[in-house]
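Worksheet: one structure, shown below.
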Amino acid sequence: MMVRTGHRSGNRIPDVGFAAPAGTPAGVEVLSLAVLRERAPVRLGRGRITLAQRPDFHHLITLSEGRLRHTVDFTGYTLEPGSWLWVRPGQVQQWGDLEHAEGTLILFERDFLDPATVAAARLDEPHPSPLLTPVGEDRTALATASAHLEHEFRALGRVPLEAHVLILRQLLGALVLRAAHIQAPGSPAADPGEPYARFRAAVDRDFARIRRVDDFARALGYSARTLSRATLAADGVTAKEFIDRRVLLEAKRLLAHSDQSAARIADRLGFSSATNFSKFFHRHTGKSPLAFRRTIRGAQT
């Protein structure tokens, strides 16, 4: 099996760790969706792989035939031939029906790549858009990089193991660098710049403690208007919407992964009361926190 699966205490969605198949280099694997189907049968939507899971390694998925519905952090995406989906460590994913799709799955751990590639490819970005739809030369370049990586992965034994691993690392680095710099649908092409990058990092660190744009602006040394302009240009939402979106994602994760009460989650996320948290959650989802939990848990049975 390509993974080992375990549960933390109280979790409802399993954490999945990377485990290299016997006889292959640790840290990376390239396989077809046909092989994935053989390892984890998914007939009629049943089987462990169709359940939500939270891997601690990267998934790059691309199709050559058919269509595939894949859910990442409670949002559904449709893959078609030539499109790519990048699931990052810690994100919750759920596979759709694999019987009608063919393609390639590339699994890798962050530390398989060298630090310079990790930084340049922005592997530590917490919430990038998972779906990529390259066109023209970008599409050709990604397909070529993927084919070279797959060929080398299957060429174990043709060169010394150390050389094989170095080649894999370089080919995977080329692929993720290409993928990281392809514009996602609906996202701006321009570099978002320092204000957005700093704001995004601050929100991811402090969203449970700071909720007002003015407070983030003061801490970062910008005006609230500058942060709002930068966030709108980079992500298509206002700074306030960006903060709320991060809080909502964490709320969904806690409701899905743990048995904590709504009151406890409200406290963890910095709400003054469970009532205020419930109003916030309902305003953004149309459901109460516990109704959302029942829906997610029901999908796992």
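The values are calculated or read from the model by the stated rules, or taken from the named source; none is laboratory data. What you see is a predicted model, and the numbers here were worked out from it, not measured in a lab. Every residue, glycine among them, receives a Cβ derived from its backbone with ideal geometry; neighbour counts consider all protein chains shown.
Quick notes
- Selection within region 133-176 - within 21 Å of the chain's Cα centre (by Cα) and outside any helix (DSSP H, G or I): THR133, PRO134
- Residue match in region 134-154 (condition: polar (S, T, N, Q) and closer than 26 Å to ALA234 by Cβ): no
- Strands (runs of 3 or more DSSP E) (entirely within region 74-131) containing at least 2 residues that are free of Cβ contacts under 8 Å to residues at least 60 places away in the same chain and among the hydroxyl-bearing types (Ser, Thr, Tyr): 75-79
- Odd one out for ALA197, checked against (1) touching a helix residue (DSSP H, G or I) at 6+ places or on another chain (Cβ under 6 Å); (2) without any contact (Cβ under 8 Å) to a residue 60 or more places away in the chain; (3) closer than 24 Å to PRO89 by Cβ: (1)
- Every residue from region 125-153 that is among the acidic types (Asp, Glu) and buried (at least 16 other Cβ atoms within 10 Å of the Cβ): ASP138, GLU150, GLU152
- Contacts under 6 angstrom Cβ, first residue in region 137-150 being at positive phi, partner part of a helix (DSSP H, G or I), 6 or more apart: none
- Members of region 1-23 that are modelled with pLDDT of 50 or more, of a type in the set (A, V, I, L, M, F, W, C) and under 30 Å from ARG297 (Cβ atoms): ILE13, VAL16, PHE18, ALA19
- Every condition in (1) among the hydroxyl-bearing types (Ser, Thr, Tyr); (2) closer than 26 Å to ARG297 by Cα; (3) surrounded by fewer than 16 Cβ atoms within 10 Å (Cβ to Cβ) holds for THR71 except the one numbered (3).
- In region 227-269, the residues that are out of contact with any Leu (no Cβ under 9 Å at 6 or more places or on another chain) and among the β-branched types (Val, Ile, Thr): THR231, VAL237, ILE243
- Qualifying residues in region 100-156 (those that are touching a Gly at 6+ places or on another chain (Cβ under 9 Å) and more than 30 Å from PHE74 (Cα to Cα)) - the one modelled with the lowest pLDDT: LEU156
- For ALA26: the one exception among (1) closer than 18 Å to GLN93 by Cβ; (2) at pLDDT 85 or above: (1)
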